[in-house]
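**Q** Have a look at the structure that comes next, please.
The values are calculated or read from the model by the stated rules, or taken from the named source; none is laboratory data. Since the model is a prediction, treat every value here as computed from it, not as a measurement. Here the Cβ positions follow ideal geometry from the backbone for every residue, glycine too, while neighbour counts run over all protein chains shown. Heavy atoms of the whole protein, side chains included, go into the accessibility calculation; ligands, DNA and RNA do not. Shrake-Rupley method; radii C 1.70, N 1.55, O 1.52, S 1.80 Å.
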Amino acid sequence: MKDTFSGLHPIVNFTYFTAVILFSMFFMHPVFLGFSLVSALIYSIYLNGIKAAKFNFLYMLPLLLLVALINPLFNHEGVTILLFINDNPITYESIIYGIASATMFISVIIWFSCYNSVVTSDKFIYLFGKIIPSLSLILSMTLRFVPKFKAQIKVISNAQKCIGRDVSNGNVLQRARNGIKIISILITWALENSIETADSMKCRGYGLKGRTSFSNYRFDKRDKSVLGTICGLILLMIFGMVLGENTIDYFPSIIFKEITIISAIVYIGYAALLLIPVALNIMEDIKWYHLKSKI
Amino acid sequence: MVSFEIKDLSFFYPNSEKKALNNINIQIEQGEFITICGKSGCGKSTLLRHLKPILTPHGDKTGEIFFEGQPLLKMNLREQASKIGYVLQNPDNQIVTDKVWHELAFGLESLGLDNATIRLRIAEMASFFGIQDWFMKDVAELSGGQKQLLNLASIMAMQPQVLILDEPTSQLDPIAASEFLETVKKINREIGTTVILSEHRLEEVFPMSDRAVVMDNGEIIVCDTPQNVGERLKKNENDMYVSMPSAVQIYGGIESNLPCPLTVREGRKFLDSLGLKPNDEYITEKKQAKNPAETVICLNDVWFKYEKSGKDIIKGLSLEVKKGMIHAIVGGNGTGKTTALTLINGVNKPYRGKVKLNGKEIAKYSGKELFSNNLGVLPQNPQALFVKNTVELDLLEMLSDKHLSQEEKSNKVNEVAELVEITDRLQMHPYDLSGGEQQKAALAKVLLLEPKILLLDEPTKGLDNFFKIKLGGILNKLISNGVTVLLVSHDIEFCAKFADVCSMFFDGSVITTNTPKMFFSGNSFYTTAANRMSRHLFRNAITNEDVIKSCNQS
C-alpha cells in the first residue's frame, strides 16, 4: 500500500519521527504508553502489511512478556510486597513498572521499523546535506561504492578461483593467503578506478566555488499544514509535561495526576500526534473512494 | 566559426624521449563531427586530453590551442567545465553518485545553479535521452549501456559547446554501442554540438563523421573526409588499413578507380559496379575437422538458474567441444553465454544435466586437478588477476607453489612472455599496460598453469584490430600445441576470422553449431559485414580477405 505520509517533505517525516520516538521513550504514563504502542502497531501494519503483523506478534509480543517478567525478578523496589522468592520481595510496583518499560521498549522498536521504511537513505542524505553539503556527496558516493565493491569482489574471487587461488582452495593457511590476495587486488583496482572517477568529477567542475546541493523534494502547502499541526501538538505535549500531566512515579509507590479536563486534552493531543500518518492515509482512501464512485 | 584550433602542438611525457604528440595542426569547425582513429598508444587519448586543460597530463608541451578564438589556457575553470564536455572510456568509473537523478545533477551542482534551474535542465536531458523510466533508480541497477548513456546525459546537462568522447563504446556490447553512437549522432545533428570522438570500432562511426583523423606515432597522417581517407590510405599502403570498416578494407584490396564505399550498402554497390560474376567456389574451408576428434568438453542437457524461484538462465544446453579447435560461442547480450562458461569452469553448478571434461564429470575434479595442467580461464577483466608490482613478478607468482629452481621458473616465464609477445613489458606495472597488453599479460598468467583447455570470456573487448589479429595468432599457436580453446564473444568479425567452429547461443542454449563458413553464410543478419556486402556474389566469403580473394580471382 502506498503511504501518503511518506510522500511528504523529508523535514516533515523527520520531525514527526523524532518527536514520536522521543516522547515514546520518556512518557512512562500508562495512557501515553498505551497510545504509543497501539498507534505504532497500526502504522507499522499499514506500512508493511502482513509482514509487520507477523513480526509484531511472533517477536515483539514474546519480547514484551519477557521484559515484563524479568523486571520484578531483579528490581525489588516498591512498597507493596506481594510475595517472597528466595527471600527476595516481589513488589506490585516493580511488576507494573516492568510492564510499562516493556511496552515502552517494544513501541520504540516498532516506531523505528516505521521510521526505516519512511525515511529512506536519500531522504536522510538530503536532510543532512542541507546542514553539511559535502557530507551528502560523501554519503552518496559511499552508497555507490558498496554495490560496486561487492560486484568487483565477486569478479575477482571468480577469476582467482579459476586459477586455483580462491578462498575455497587449499589448506587453512593458503585460504587465508588467497583471501588477503583478493582484498589486495580489490584495493589496487579500486584505487586505479578512482583516478578515472576523479577525472570525471573534475570534468564536471567539481571543486568550483559555490557548489549547490540539488534535491528532488519540494516544500508545498500540504507540507506546511502538516508540519504546523505536528509542531502545535508537540507544543501541547511540552505544555502537558510542564503541568506534569504525562509523568508518573513508579517508586516507592505509584503516583500520577488525577484525570482532569486538561489532562484529557493532552491525552487526545498525544493520540492525534501519533495517528497523523494513519489519519492522512485514511483521508486519502476516502477521497479516492469518492472519486471512484463518481466515475 | 572555429571551435578548436591546434597549432604546432608537440608533447613529451616526463622522462620520455619519444614525442607522444608530434607537430599537430588541425582546425575544427563548430558543429563538426570528427573521428580520431589509430592504433592503441598512437596518442589519441593524449591529444583529446589536451583539449580539456584540467585533464591534460603533465609533461613538456610546445605549441598552442585556441578555443573559439581564445587561448585555451586562459579560459577559466568554470567556463571550461561547462563548455567542454568530456566522456571517458569506462562507464562504471565515471559515475560518482548512487542515484541516476543525482548523477545528472552533479555537474550543475558544481556550477552552483539553483534548484529550479537544475530541475529544468535535468528534465530536459531525461526527456531527450529517454531516461525518465529509470530516473529514480540506483545506478547499480543499470546495464553498461545505460550507464554510459547516463554519463553522456550528465555531461550534456551542462550544455557544452564541444563534446569530446574518448573511446566511449569500448566496454559496451555491439547493440549498446550502436545505440550510444546513434545518440551522439543525434546530439550532433539536432543540437549542433561539435563532436570529437576516438574509436576502434569504425564500422558505424565512419559514415557518421564529417572528417576522420588518422594518427600514428603521435602524428596526424591523414585528416580528410572518411571517403578520401580510405582512398588516401590505399595509396600510402598504410598498415592502419586493418582498423578501417570492412567496406574500406575490401575497397583497398581491389584495383579500381571508383570512389571509396563506407557502409555495407555502398559496399554492395561498389562490388556490383565491378561487374563480377557470382561464384561460390573460390573459398573453401580453412581446414577440415580432424575426424574423429576427441571430445574434450561435453555438456549434456544442462539446466541452470541462480535461485530456486528464479528464471532458468541455461535451458537444456548440449554442447561438444572437440580437441585442438577454436570453438566460438556467439550470440546477443544476456542470452546466458557467460553463465555457460561458469558452468564449465565449475564456478556455478547445474541443477540438471552433466558437464564433463575429458569424459569425467566436473564436480568430481578437485580444485587442484581442475586448474593445473587442465583448465585455464581468462576472465573478462584482466585486472582481476594482477597481484604484483611488475608483470614479471606477477608471472613468477603463478609458479610459487611449484617445486622448480629459480632458473627453471624464469625460463618458463620468458617462454610464455615470448609466446604472447610481452617480453619488453615485463618490468612494468600491470596497470600501466594498455588494455591489449593487459589482456596478453593475463593470458600469459593463465598459460603458466599449462592448461589443455582454455576458456576465454570476451577476449576482444576494448581491443583494437591490431591486437585482435595478434590475439588470433597467439590462439592459433596454442591450438597447434594441442590446446583446445573455447571462447565466448560478441565479436563476429573475430570469430569469422579465427574460429574453427561457431555456435549460436540464444535463450539459454545453443541453436546451431557449424564451421564459420557454413555458419555465417547461412545467416542473413547475424553475420559479418563482408558477408552482408558480398553474399549476392560469393555466398561463402565471410571475411574481408575472402571477398578480396574472390574478387581478384573472378
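**Q** With both bridge residues required to lie in segment B:2-235, what share of the DSSP beta bridges run antiparallel, to the nearest 5%?
**A** 55
**Q** For helix B:406-419, report the angle its Cα long axis makes with the longest principal axis of the Cα atoms of chain B; keep it between 0 and 90° and round to the nearest 10°.
**A** 70
**Q** Right, here's the next one. Report the Cα centroid-to-centroid distance between segment A:95-147 and segment B:394-446 in angstrom, as an integer.
**A** So the two Cα centres are separated by 51 Å.
**Q** Next question, about the same structure. What chymotrypsin sites (Phe, Trp or Tyr not before Pro) does segment B:296-353 have in DSSP loop regions with at most 15 other beta carbons within 10 Å?
**A** Passing both the DSSP loop test and the Cβ count: B:TYR306, B:TYR351.
**Q** Kindly compute the accessible surface that chains B and A hide from a 1.4 Å probe when together, both sides summed, and give it to the nearest 100 Å².
**A** So the buried area, both faces added, is about 4900 Å².
**Q** How big is the charge dipole of chain B about its Cα centre, in debye rounded to the nearest 20, if each Lys and Arg gets +1 on its Cβ and each Asp and Glu gets -1 on its Cβ?
**A** My answer is approximately 1400 debye.
**Q** Cα-Cα over 31 Å: which of B:LYS83/B:LYS337; B:LYS61/B:LYS147; A:LYS161/B:LYS315; A:LYS130/B:LYS186?
**A** Going by Cα-Cα distance, B:LYS83/B:LYS337; B:LYS61/B:LYS147; A:LYS130/B:LYS186 fall outside the 31 Å limit.
**Q** Same structure again: List the relative contact order of segment A:125-203 as a percent without decimals, with contacts defined as Cα pairs under 8 Å and 6+ residues apart.
**A** Relative contact order comes out at 18 percent.
**Q** Something else about it: In the neighborhood of A:THR212, defined by Cβ-to-Cβ distances under 13 Å, what is the net charge if each Lys or Arg adds +1 and each Asp or Glu adds -1?
**A** Counting the neighbours of A:THR212, the net charge comes to +3.
**Q** Heavy-atom accessible area per residue, the protein assembly as shown, 1.4 Å probe: how many Å²?
**A** Accessible area per residue, the protein assembly as shown: 46 Å².
**Q** Against the longest principal axis of chain B, how steep is helix B:544-553, in degrees 0 to 90 to the nearest 10, with axes from Cα atoms?
**A** 80
**Q** Select from segment B:90-136 all residues whose loss of accessible area on going from the chain by itself to the full protein assembly reaches 40 Å² or more (probe 1.4 Å).
**A** Those are B:ASN93, B:VAL96, B:ASP98, B:TRP101, B:PHE106, B:GLU109, B:SER110, B:ASN115, B:ARG119, which lose 40 Å² or more relative to the chain on its own.
**Q** While we're here: So, in nm, how far is label B:SER405 from label B:THR423 when the simple model puts each one 7 Å beyond its Cα toward the Cβ?
**A** So the two model labels end up 2.2 nm from each other.
**Q** In angstroms, what radius of gyration and Dmax does segment A:1-94 have, counting Cα atoms only?
**A** 18.1, 57
**Q** Cα-Cα over 29 Å: which of B:LYS323/B:LYS364; A:LYS150/B:LYS323; A:LYS221/A:LYS292?
**A** A:LYS150/B:LYS323
**Q** Calculate what fraction, in whole %, of the accessible area of segment B:444-489 sits on carbon and sulfur atoms when a 1.4 Å probe is rolled over the protein chains.
**A** 54
**Q** Find, among the GluC sites (Glu not before Pro) in segment B:155-238, those assigned to loop by DSSP (not H, G, I, E, B) with at most 11 other beta-carbon atoms within 10 angstrom.
**A** B:GLU237
**Q** May I pose another question? Under a Cβ-only charge scheme (Lys and Arg +1, Asp and Glu -1), can you give me the dipole magnitude of the protein assembly as shown about the Cα centre, in debye to the nearest 20?
**A** 1280
**Q** Okay, next question. Using only the Cα atoms, work out Rg/Rh for segment B:295-525, with Rh taken as the Kirkwood radius, to two decimals.
**A** 0.97
**Q** Still on this structure: Can you tell me what percent of all Cα-Cα pairs in chain A are more than 26 Å apart?
**A** So the pairs more than 26 Å apart make up 64 percent of the total in chain A.
**Q** Which of the aspartates and glutamates could be linked to B:LYS185 by a straight reach, that is with a Cα gap under 12 Å, when you skip same-chain ones fewer than 8 residues away?
**A** B:GLU32, B:GLU204, B:ASP210
**Q** For segment A:214-290 and segment B:450-485, what is the separation of their C-alpha centers, rounded to whole Å?
**A** The two parts, judged by their Cα centres, are 71 Å apart.
**Q** Oh, and also: How far apart, in nanometres, would the label points at A:ILE261 and A:TYR92 be if each is projected 7 angstrom from Cα along the Cα-to-Cβ direction?
**A** With each label placed 7 Å out from Cα toward Cβ, I get 3.2 nm.
**Q** Another question about this same structure. Just counting partner chain Cβ atoms within 10 Å, what average do the residues of peptide A:137-144 show around their Cβ?
**A** Other-chain Cβ atoms within 10 Å of each residue's Cβ, averaged: 5.
**Q** Farthest toward the dipole's positive end in chain A, which of A:GLY179, A:SER200, A:LEU235, given Cβ charges of +1 (Lys, Arg) and -1 (Asp, Glu) about the Cα centre?
**A** Positive-most Cα among the choices belongs to A:SER200.
**Q** Grab every C-alpha pair in the protein assembly as shown, bin the distances at 10 angstrom width from 0 up to the longest one, and report whole percents.
**A** Final binned percentages: 2, 10, 16, 19, 17, 13, 10, 7, 4, 2, 0, 0.
**Q** Name all residues of segment A:102-133 having a backbone nitrogen under 20 Å from the label point set 7 Å from the Cα of A:CYS231 along its Cα→Cβ direction, giving them as ranges.
**A** A:127-128, A:130-131
**Q** Normalised by the number of residues in chain A, what is the relative contact order in percent for Cα pairs under 8 Å and 6+ residues apart?
**A** Reported as a whole number, the value is 28 percent.
**Q** Same structure, new question: Any idea what angle helix A:10-26 forms with the longest principal axis of chain A, computed on alpha-carbon atoms, 0 to 90 degrees, nearest 10?
**A** So the inclination is approximately 50 degrees.
**Q** Assign unit charges at the C-beta atoms only (+1 for Lys and Arg, -1 for Asp and Glu), then state the dipole size of segment B:360-491 relative to its Cα centre in Debye, rounded to the nearest 20.
**A** 340
**Q** Using helices alone, what [θ] at 222 nm do you get for chain B, with -39,500 (n - 2.57) per DSSP H run of 4 or more residues, divided over all residues and rounded to the nearest 500?
**A** Helix-only estimate at 222 nm: -10500 deg cm²/dmol.
**Q** Then there is this: Using a cut-off of 19 Å between alpha-carbon atoms, which aspartates and glutamates can reach B:LYS74, once sequence neighbours fewer than 8 places away in the same chain are excluded?
**A** Qualifying aspartates and glutamates at Cα under 19 Å: B:GLU5, B:ASP8, B:ASP60, B:GLU64.
**Q** Computing the accessible area with a 1.4 Å probe over protein heavy atoms, can you report the carbon and sulfur percentage for segment B:308-392?
**A** After summing per-atom areas, the C and S share lands at 45 percent.
**Q** Out of the total accessible area of segment B:2-235 (probe 1.4 Å, heavy atoms of protein only), what percent is carbon and sulfur?
**A** The C+S portion of the solvent-accessible surface of segment B:2-235 is 46 percent.
**Q** Next up: Mind checking Rg over Rh on segment A:125-203, alpha carbons, Kirkwood formula for Rh?
**A** Expressed as Rg/Rh, it is 1.16.
**Q** Given a 1.4 Å probe and heavy atoms of the protein chains only, how would you sort A:ARG211, A:ARG177, largest accessible area at the top?
**A** Highest to lowest solvent-accessible surface, that is A:ARG177, A:ARG211.
**Q** Let me have the relative contact order for chain B, percent, based on Cα pairs under 8 Å that are six or more residues apart.
**A** Result for chain B is 14 percent.
**Q** While we're looking at this one, here's another question. Give, ordered by residue number, each residue of segment A:154-172 whose 1.4 Å probe accessible area is reduced by a minimum of 40 Å² on adding the remaining protein chains to the chain alone.
**A** Output list: A:ALA159, A:LYS161, A:CYS162, A:ILE163, A:ARG165.
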